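The values are calculated or read from the model by the stated rules, or taken from the named source; none is laboratory data. Bear in mind the structure is a predicted one, so any value in this text is a computation, not a measurement. Because the Cβ atoms are built from the backbone with ideal geometry, glycine has one as well, and the counts that use them run over all protein chains shown.
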Amino acid sequence: MKKVLRNQLVMAAALTLAASMCFAQDGAALYKTKCAMCHGPSGTPGAGMAKMMHIKPVSDPSMKALSVAQIEAAVKGGKGRMRAMPGLTDPQIKAVAAYFKTLK
Ligand code: HEC
């Protein structure tokens with residue numbers, strides 16, 4: 001019983017470490033976990049989401065016009081109907097904003 005518990009703790013620690021290593025600066029992974037549920041897997045929200053939440057696809061001229069800094073600001077402080085994303089560090093916000101900018 002004791003051994004099982006220890007193994008679980010080791011596993012949990014290893015997973016936490018692995019997760020923090022892959023996701024720390026990885027904009028694509030962050031996008032998947034933090035943004036894709038609203039903005040869609042490739043930057044085009046599903047029809048229902050687009051309509052209900054008024055989210056524009058990244059192909060929209062107004063989205064294309066955004067600079068990385070403006071995207072960072074939207075993630076950090078929220079923008080209109082989008083709330084600020086909690087739980088992201090500054091480097092993570094930079095990484096995810098840069099990734100968002102690469103979506104077409
Ligand atoms: C809960 C749903 C939701 C999530 C999660 C979400 N967004 Fe949004 N996002 C929105 C909505 C809704 C808008 C439209 C805001 C408006 O115009 O009122 C928006 C707008 C934006 C805009 C345009 C801002 C502007 O200046 O027009 C950017 C850029 C953006 N989101 C980036 C992101 C990124 C990057 C993430 C992940 C870190 C993210 N969003 C996560 C709902 C979401």
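Summary of computed values
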| item | result |
| --- | --- |
| Test: residue in the range 1-22 that is surrounded by 13 or more Cβ atoms within 10 Å (Cβ to Cβ) and modelled with pLDDT under 95 | no |
| Subset of the range 88-104 that is near the ligand (Cβ under 10 Å from one of its atoms) and not in a helix (DSSP H, G or I) - its residue that is surrounded by the fewest Cβ atoms within 10 Å (Cβ to Cβ) | 88 |
| The range 66-87: number of residues that are assigned to a helix (DSSP H, G or I) and over 18 Å from residue 54 (Cβ atoms) | 6 |
